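Since the structure comes first, as C-alpha cells, the remarks are kept for the end.
The values are calculated or read from the model by the stated rules, or taken from the named source; none is laboratory data. Just so you know, these numbers come straight off a predicted model, no measurement behind them. Cβ placement follows ideal geometry from the backbone for every residue including glycine, while neighbour counts extend to all protein chains displayed. Just so you know, the surface numbers come from the protein's heavy atoms only, side chains and all, with ligands and any DNA or RNA stripped out. Shrake-Rupley method; radii C 1.70, N 1.55, O 1.52, S 1.80 Å.
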Amino acid sequence: MKLLIIEDDHHLSDTIKETAQSLFETTQAFDGEEGLFLAAQNIFDVIILDIMLPHLNGYEVLEQLRAQHVTTPVIMLTAKDGIDDKIHGFKKGADDYLVKPFHREELLLRLEALVRRRVGDFNDQTLRFLDLQINTKNYQVSIGDDVLKLSGKQYHLLEYLLNNRNTILTKEQIFDRIWGFDSDTSTSVVEVYASNLRKNLKKYGYDKYIKTFRGLGYMLTESGDGDE
C-alpha cells in the first residue's frame, strides 16, 4: 500500500512516516504544489494532508484533486479543532479529520479504516479474482491448485490491476506506482511486463482478462475482452 504525506513540518512528516512504515510505502511532500502534483498521479492508497501549507493550502490541494476526479481517501491534519473547520474540510472532499497533536495509534486506526473502506478488510491478506488468488503477505499467486511463479514487478502489476479491477490504469500510473518517480527507465517497460504477465497467465486462460487500451493503459476485467 502507498501513502502520500503532505506536511511542511519535516519532523512531523518523518514521525508519520515512521509510524506508518509497517503498513505503507510512503512518499513525502513538503508544500502544497508538490503535494498536488504527486497526488494528482492517482497512484496512492491514502493521502495525509496538512491544511497550513506553503504555496497552496490543504483545502486548495483537496479541492483541485477532487476537481480532477482523484478519489484517493484523504485524512486532513490541522491544529484547529473547530467544527466549522471540519465542516469546511469535509465539504471540500476530505474523508477524515485528525487534530494535532494526535496519538500514533489513533493515526494508524484511521488509516486502516480508510483502506478497509476502499479495498475491503485490511487484515484479509488474500485478494481474489475468479479462481485466481493473491496472498499479499507472502506474495504467492495461485490459480486453482497451481502456484504461479511471477517476478517481483509482474506480481506488483497483477496486484495493482486486481485492486483496481474494472478501472483503466494508465501506463504512467502503473510506472509511477511500481517503478517510482525517480526510476531511470521509461514507461515502455510497462508494456514489457504486461506482455510477460499475460504469457504467465495464458496457460490458465487468464490473459484474456487483462484488457489493453492502445496508447493509454490496461484494465483487469471479468468481461475477458483481451486486447482491443
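A few comments on the model shown:
- Calculated from the alpha-carbon coordinates, the range 54-128 shows an Rg and a Dmax of 13.9, 42 Å respectively.
- Put a plus charge on the Cβ of each Lys and Arg, a minus charge on the Cβ of each Asp and Glu, and nothing anywhere else: the dipole of the chain about its Cα centre is then about 940 debye.
- Student exercise, the range 120-228 dipole from Lys, Arg, Asp, Glu Cβ charges, in Debye to nearest 20: 240 debye
- Measuring only protein heavy atoms, the 1.4 Å probe finds His10 accessible over about 100 Å².
- Lys203, Lys153, ranked by accessible area, largest first (probe 1.4 Å): Lys203, Lys153
- Each of Thr212, Ala194, Ser223 was placed along the dipole of the range 182-227 (beta-carbon charges, centred on the mean Cα), and the one lying farthest toward the positive end is Ser223.
- Distance from the range 1-55 to the range 159-228 (C-alpha centre basis), Å: 26 Å
- 25 °C / 0.890 mPa s Stokes-Einstein diffusion coefficient of the range 64-179, Kirkwood radius on C-alpha pairs, µm²/s: 146 µm²/s
- Per residue, the accessible area of the chain comes to 51 Å² when a 1.4 Å probe rolls over the protein heavy atoms.
- Relative contact order for the range 64-172, counting Cα pairs under 8 Å that sit 6 or more residues apart, in percent: 15 percent
- Computed lengthening from Asp81 to Asn135, 0.36 nm per intervening residue step minus Cα-Cα distance: 15.4 nm
- Computed from Cα atoms alone, the Kirkwood hydrodynamic radius reported for the chain is 18.8 Å.
- Principal-axis tilt of helix 10-20 within the chain, Cα atoms, nearest 10 degrees: 40 degrees
- Placing one equal scatterer on every Cα of the range 1-113 and applying the Debye formula, the log10 ratio I(q)/I(0) at q = 0.17 Å⁻¹ is -0.72.
- Within the range 48-194, percent of DSSP bridges classed antiparallel, to nearest 5: 60 percent
- In degrees, nearest ten, helix 104-119 long axis to first principal axis of the chain (Cα): 40 degrees
- Note on Arg214/Arg165: beta-carbon distance plugged into 1/(1 + (r/R0)^6) with R0 of 22 Å gives a FRET efficiency of 0.65.
- Surface/4 estimate of mean projected area, convex hull on alpha-carbon atoms of the range 131-193, nm²: 4.8 nm²
- Theoretical gain in end-to-end length, Arg128 to Gln64 [0.36 nm per residue, Cα-Cα removed]: 19.7 nm
- Under the criterion of Cα pairs below 8 Å and six or more residues apart, the relative contact order for the range 1-136 equals 19 percent.
- Using C-alpha pairs below 8 Å separated by at least 6 residues, the relative contact order for the chain is 12 percent.
- Remark: the range 34-51, residue by residue, has Karplus-estimated 3J(HN,Hα) of 5, x, 5, 4, 5, 5, 5, 5, 6, 10, 9, 8, 8, 10, 9, 10, 6, 7 Hz, where x stands for each Gly or Pro and the curve is 6.51 cos²θ - 1.76 cosθ + 1.60 at θ = phi - 60°.
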